1. What residue among Ala96, Met1, Val40 has its Cα farthest toward the positive end of the dipole of the chain, where the charges are +1 on Lys, Arg and -1 on Asp, Glu, each on the Cβ?
2. Counting only residues 5 or more places away or on other chains, whose amide H sits under 5 Å from the amide H of Thr64 once H atoms are built in the peptide plane?
3. Give, rounded to the nearest 20 debye, the magnitude of the charge dipole that the chain has about its Cα centre when Lys and Arg contribute +1 at Cβ and Asp and Glu contribute -1 at Cβ.
4. Taking N as the number of residues in the chain, what is its alpha-carbon radius of gyration divided by 2.2 N^0.38 Å?
5. So what's Rg/Rh here for segment 39-89, counting alpha carbon atoms and using the Kirkwood radius for Rh?
6. List the DSSP H helices in the chain whose Cα atoms stretch 15 Å or more along the helix axis and whose mean Kyte-Doolittle hydropathy is at least 0.0.
7. Any idea what diffusion coefficient segment 1-65 gets from Stokes-Einstein, in µm²/s, Kirkwood Rh on alpha carbon pairs, 10 °C, 1.306 mPa s?
Amino acid sequence: MSLTSAATLATLDRTGPRRITDLAAVEGVTQPAMTALVRVMEESGLVERRGDASDKRVTLVCLTEAGASYVRTRRQAGVHAFERLIGELTGDEVVALVAALPALKHLAELDSQDREGPKQ
């Protein structure tokens, strides 16, 4: 799976259903590229398109259960990788990492705000 595909699934998991144009803007790709990506993910059963109840002209891209499961599995694999790597650090390095956590959390929040773009 491409990084853009994985990032798109993660965005849908964090923010809920989105328009293709919104996803393209958030992921930094063109609308035609996102349309093609969504089509591939749809064929793989990771996403589905649904109508928007508030605007019948709009189609939203939604995670399927398989897509949500993929995101959870990928996140858990990342957690396990970090656990293993942190276990190899010295005590002083662990202390330094813990001290850096507030700044890292703030960076993640800033990145999340940038990637989510405007709310619907």
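1. The Cα lying farthest towards the positive end belongs to Val40.
2. Under 5 Å from the amide H of Thr64: Val47, Glu48.
3. The dipole magnitude comes to about 500 debye.
4. Taking N as the residue count of the chain, the ratio is 1.27.
5. Result for segment 39-89 is an Rg/Rh of 1.28.
6. 3-15, 31-43, 91-116
7. 137 µm²/s
None of the figures in this text is laboratory data; all of them are computed from the coordinates on show. Computed from a predicted model, the values in this text were never measured in an experiment. Note that each Cβ is placed from the backbone with ideal geometry, even for glycine, and that neighbours are counted across all protein chains shown.
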